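The values are calculated or read from the model by the stated rules, or taken from the named source; none is laboratory data. Since the model is a prediction, treat every value here as computed from it, not as a measurement. All Cβ positions, glycine included, derive from the backbone under ideal geometry; neighbour counts span all protein chains shown. Side chains are part of the model used for accessible areas, which takes the heavy atoms of the whole protein and leaves out ligands, DNA and RNA. Shrake-Rupley method; radii C 1.70, N 1.55, O 1.52, S 1.80 Å.
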Amino acid sequence: MDIAIDQDKCMGAGQCVLIAPEVFDQDETDGRALLLIERPGSDHHEAIREAHESCPLGAITLREN
């Protein structure tokens with residue numbers, strides 16, 4: 001699974017961090033999402049999909065391998 005965060009779309013809602021804190025974090029200066037793991041293992045995929053679906057502005061893009 002490949003993950004990308006569109007920093008121009010991200011508003012810092014933090015849903016991704018709440019759902020998958022092992023994969024996402026928030027920048028301390030502007031609150032926008034940060035990716036902690038570029039290629040997470042399959043044990044994180046369900047939470048990542050949920051974070052993707054929960055993002056209010058669709059800033060998280062997923063590509064299934």
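Observations on the model:
- FRET efficiency for Glu53 and Asp30, using Cβ-Cβ distance with R0 set to 22 Å, rounded to 0.05: 0.40
- Percent of C-alpha pairs per 5 Å bin, segment 19-65, short to long: 5, 20, 34, 27, 11, 3, 0
- Between Leu62 and Glu46, the modelled label-to-label distance comes to 1.2 nm, taking each label 7 Å out from Cα in the direction of the beta carbon.
- Surface share of carbon and sulfur [accessible, 1.4 angstrom probe, percent] for segment 23-65: 43 percent
- Cβ-based charge dipole, the chain, positive-most Cα from Met1, Pro40, Leu18: Met1
- Helix-only arithmetic for the chain: the sum of -39500 (n - 2.57) across DSSP H runs with n ≥ 4, divided by the residue total, places the mean residue ellipticity at 222 nm at -6000 deg cm²/dmol.
- Net dipole in debye of the chain [+1 Lys, Arg Cβ; -1 Asp, Glu Cβ; about Cα centre; nearest 20]: 140 debye
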